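Participant: Could you have a look at this structure, given as structure tokens, before my questions?
The values are calculated or read from the model by the stated rules, or taken from the named source; none is laboratory data. Small disclaimer: the values here were computed from a predicted structure and weren't measured. A quick note on method: Cβ atoms are made from the backbone with ideal geometry, for glycine too, and the neighbour counts reach across all protein chains shown.
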Amino acid sequence: MTMHNYLPDLGPIMAPQLPEHLIFWEYCAKRELRFQCCIECTQWRHPPAPICPHCGSMKVKWKIAPTRAELFSYTVVHHASSPLLCEHVPYNIAIVSFPDLGDIRIVSNVLDIAPKDLQIGMPLKLVWQEQAPERVVPLFMSET
Amino acid sequence: MHTSSYIPHSQRACIVGIGETRYTKRGEQADRGEWALACEASLHAVRDAGLDPQSIEGLASYSGDTSLPWLMQHALGINRLRFASMVWGGGGSGACGSLAHAVAAVESGQAANVLVFRSIVQRPGSRYGQAGGFSEVPQMDLLAPFGMLMPASMMAPSFTRYMHDYSIRSEHLAEVALAFRDNAQSNPRAVMHGLPLSMDQYMASRMIAEPLRLYDCCQENDGACALIVTTTERAQDLPGKAVQVLAAQQGGNAGWGSATMGSHTMPAADYGWGNGEQLSHDLYAGAGVTPAEVDFAQIYDHFTPAVLMSLENFGLCGRGEAGEFVAAGNIRRGGAMPLNTAGGLLSEAYIHGLNLVVEAVRQLRGESTSQVPDARIGLVTAGIGSTPFSAAILAS
């Protein structure tokens, strides 16, 4: 794993605003990537929401995400949108999908990879970085 | 042409006035402020319609415009404010949505004459390429830690996927930027008037967020524009040529509730294509026309790939065909489907897309600086990818 954080602490802009998101980040702090799963109809959903869009139930449990993940799409950012990012560009942003979970995806980054090696569909594995105090973020590396 | 509406023709909405301020680069009108620009554009629109400001009964805007209804009532001396609408959503998703609300107000009799306006003075602290301007996006905590902090990087992955799935190349994106810049050369109001763009300049421009280069991204501008919407019956007593609103509609596909400003969980089939299929269907059905009858379009061009996606979503070419469609010269002046004839958001000004509606009205009056001969029916779209976004079909 890389020694340094992929991206720096960007401050308050990273703070959750919706109470539904707090639990997601509390699990991340324990290095567990968990998504909501409806107790009634067993359908997964993400981002967190107060009710199940499939059956309307408010009963939920948080299940561990499948380990099988892949790169669904990506961009390589060259413009530093914050002075804090000047030394980090170019960096990639990955849209990571979980083939066993349909359209559930998360925004993340792929570590230790040159932009030209990013390939849609490439298998990824989950790693964690402590980006800021109490902010552990789910990141990915090439599985191969 | 037929219409599926149950509303009698005399009560159908039309646009009878358009108004604009100067369009400038970001910051050049900061000393005046958004309220003054909104009032100036509104006055031009009211006078263009041959009306008096006191005759305005409704206000409609979008994207959190800061010229609040009571400020506009105060400045314009509105006596009978009976309707005020703010369309949810940032950017230009509501450009045709605010028109749709005005149409609803006019056709339902809630207000006789409705002013639609949008005014922007770009603040130094809220540049589109700067983190912080989107701190109120409720799912931002799922994006910001990963460096997704500006519209360009939020939308770029859907464009990456689009180009991957449909063999779209940089040259296709460039053609959009070059065609619209060329249109700006005949439009003295365009901020990019007198500044032609070459393919070499395009390719040499700095990368913002792949696949988006600088010239794939819209401008940052100061300016305002406005429309007056009333009924066809009232329009008959006014001096100018009324432009019919055949349909104005909000919409967006299912499953786009956490899209580019969320966790990108759109349905895989739409992810790299766009969310306009439902809206397009509703729009053409409501207008009673088919895409084949459209003479020109003003397509929301916050980013060049969004123009290609919109061409496909709104049936102006087949799915996956937009690259070849633009490469064949179709979107240029004199082409089969001229687009963004005033220069669009890329090269006229980024007034969140309301200036695209204004240009559509000019086309249908025969007053464009890149006039399409015999223009009868025009399509206008707002920002594809947002939920909901919006579109309109206008006719002379």
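Participant: Out of all the residues in the range A:85-111, which are more than 8 Å from chain B (Cβ to nearest Cβ) and in a helix (DSSP H, G or I)?
Facilitator: A:Pro99, A:Asp100, A:Leu101
Participant: How do the helices (runs of 4 or more DSSP H) wholly within the range B:211-307 filter down when requiring 3 or more residues that are within 14 Å of another protein chain (Cβ to nearest Cβ): which remain? If you could, list the steps in order and put the result at the bottom.
Facilitator: Values: elements: B:232-235, B:268-271, B:277-287.
In the range B:211-307, B:268-271 are the helices (runs of 4 or more DSSP H) which contain 3 or more residues that are within 14 Å of another protein chain (Cβ to nearest Cβ).
Participant: Can you pull out every residue in the range B:274-290 that is in contact with a Phe, Trp or Tyr (Cβ under 9 Å, 6 or more places away or on another chain) and touching a residue at least 40 places away in the same chain (Cβ under 8 Å)?
Facilitator: Initial filter on the range B:274-290 (in contact with a Phe, Trp or Tyr (Cβ under 9 Å, 6 or more places away or on another chain)): B:274-276, B:279-280, B:283-284, B:290.
Residues satisfying the conditions are B:Gly274, B:Asn275, B:Gly276, B:Leu279, B:Ser280, B:Leu283, B:Tyr284.
Participant: Taking the condition of being among the charged types (D, E, K, R) and closer than 23 Å to B:Val103 by Cβ, how many residues in the range B:240-279 meet it?
Facilitator: Of the range B:240-279, the ones among the charged types (D, E, K, R) are B:241, B:270, B:277.
Restricting the remaining residues to those that are closer than 23 Å to B:Val103 by Cβ gives B:241, B:277.
Going through the range B:240-279 one residue at a time, the tally reaches 2.
Participant: In addition: When the range B:164-203 is examined, which residues are found to be β-branched (Val, Ile, Thr) and assigned to a helix (DSSP H, G or I)?
Facilitator: Here is the first cut: in the range B:164-203, the residues β-branched (Val, Ile, Thr) are B:168, B:176, B:191.
Across the range B:164-203, the qualifying residue is only B:Val176.
Participant: Within the range B:172-185, is even one residue closer than 30 Å to A:Pro83 by Cα, touching a helix residue (DSSP H, G or I) at 6+ places or on another chain (Cβ under 7 Å) and of a type in the set (Asp, Glu)? If you could, list the steps in order and put the result at the bottom.
Facilitator: We begin by selecting, within the range B:172-185, every residue closer than 30 Å to A:Pro83 by Cα; these are B:173-174, B:177.
From what is left, the residues that are touching a helix residue (DSSP H, G or I) at 6+ places or on another chain (Cβ under 7 Å) are B:173-174, B:177.
After this cut, where a residue has to be of a type in the set (Asp, Glu) as well, the list is none.
The answer is no; no qualifying residue exists.
Participant: For A:Glu87, state whether it is in contact (Cβ under 8 Å) with a residue 40 or more places away in the chain and either out of contact with any Leu (no Cβ under 9 Å at 6 or more places or on another chain) or surrounded by fewer than 16 Cβ atoms within 10 Å (Cβ to Cβ) (or both). Before the answer, list the steps.
Facilitator: Working: in contact (Cβ under 8 Å) with a residue 40 or more places away in the chain: no; either out of contact with any Leu (no Cβ under 9 Å at 6 or more places or on another chain) or surrounded by fewer than 16 Cβ atoms within 10 Å (Cβ to Cβ) (or both): yes.
It is false that A:Glu87 is in contact (Cβ under 8 Å) with a residue 40 or more places away in the chain and either out of contact with any Leu (no Cβ under 9 Å at 6 or more places or on another chain) or surrounded by fewer than 16 Cβ atoms within 10 Å (Cβ to Cβ) (or both).
Participant: Return the only residue of B:Ile168, B:Ile208 being in contact with a Cys (Cβ under 7 Å, 6 or more places away or on another chain) and over 27 Å from B:Glu34 (Cα atoms).
Facilitator: Working: B:Ile168 fails: in contact with a Cys (Cβ under 7 Å, 6 or more places away or on another chain).
Only one candidate passes the filter, namely B:Ile208.
Participant: Residues being surrounded by 13 or more Cβ atoms within 10 Å (Cβ to Cβ), free of Cβ contacts under 8 Å to residues at least 24 places away in the same chain and within 29 Å of A:Glu134 (Cβ to Cβ): count how many of those fall in the range A:53-78.
Facilitator: Residues meeting the conditions: 2.
Participant: Of the residues that make up the range B:131-145, is at least one within 14 Å of chain A (Cβ to nearest Cβ), without any contact (Cβ under 8 Å) to a residue 40 or more places away in the chain, crowded, with 24+ Cβ neighbours inside 10 Å and in contact with a strand residue (DSSP E or B) (Cβ under 8 Å, 6 or more places away or on another chain)?
Facilitator: yes
Participant: I'd like the full set of residues that are surrounded by fewer than 24 Cβ atoms within 10 Å (Cβ to Cβ), within 20 Å of B:Pro196 (Cα to Cα) and aliphatic (A, V, I, L, M), limited to the range B:341-391.
Facilitator: None - no residue of the range B:341-391 is surrounded by fewer than 24 Cβ atoms within 10 Å (Cβ to Cβ), within 20 Å of B:Pro196 (Cα to Cα) and aliphatic (A, V, I, L, M), so the list stays empty.
Participant: Taking A:Pro47 as meeting all but one of (1) part of a loop (DSSP other than H, G, I, E, B); (2) exposed (fewer than 13 other Cβ atoms within 10 Å of the Cβ); (3) not acidic (Asp, Glu), write down the number of the exception.
Facilitator: (2) is the only condition that A:Pro47 fails.
Participant: Considering only the range A:67-84, how many residues are touching a strand residue (DSSP E or B) at 6+ places or on another chain (Cβ under 7 Å), at the interface with chain B (Cβ under 8 Å from one of its Cβ atoms) and of a type in the set (Gly, Ala, Ser)?
Facilitator: Number of matching residues: 1.
Participant: Of all residues in the range A:112-138, count the ones that are closer than 16 Å to B:Gly147 by Cβ, more than 8 Å from chain B (Cβ to nearest Cβ) and under 11 Å from the mean Cα position of the chain (by Cα).
Facilitator: Selection size over the range A:112-138: 1.
Let's see how each residue does on (1) more than 14 Å from chain A (Cβ to nearest Cβ); (2) within 24 Å of B:Val361 (Cβ to Cβ); (3) buried (at least 24 other Cβ atoms within 10 Å of the Cβ); (4) touching a residue at least 12 places away in the same chain (Cβ under 8 Å):
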residue	(1), (2), (3), (4)
B:Ser67	yes, yes, no, yes
B:Asn79	yes, no, no, yes
B:Gly89	yes, yes, no, yes
B:Gly94	yes, yes, yes, yes
B:Gly97	yes, yes, yes, yes
B:Ala112	yes, yes, no, yes
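Participant: Taking the range A:1-22 only, how many residues are at pLDDT 90 or above, within 19 Å of A:Leu33 (Cβ to Cβ) and in a loop (DSSP other than H, G, I, E, B)?
Facilitator: Within the range A:1-22, residues that are at pLDDT 90 or above, within 19 Å of A:Leu33 (Cβ to Cβ) and in a loop (DSSP other than H, G, I, E, B) number 5.
Participant: Tally time: how many residues in the range A:11-45 are touching a Ser or Thr at 6+ places or on another chain (Cβ under 6 Å) and within 13 Å of chain B (Cβ to nearest Cβ)?
Facilitator: Initial filter on the range A:11-45 (touching a Ser or Thr at 6+ places or on another chain (Cβ under 6 Å)): A:13, A:38, A:40.
Keeping just the survivors that are within 13 Å of chain B (Cβ to nearest Cβ) gives A:13.
So the count comes out to 1.
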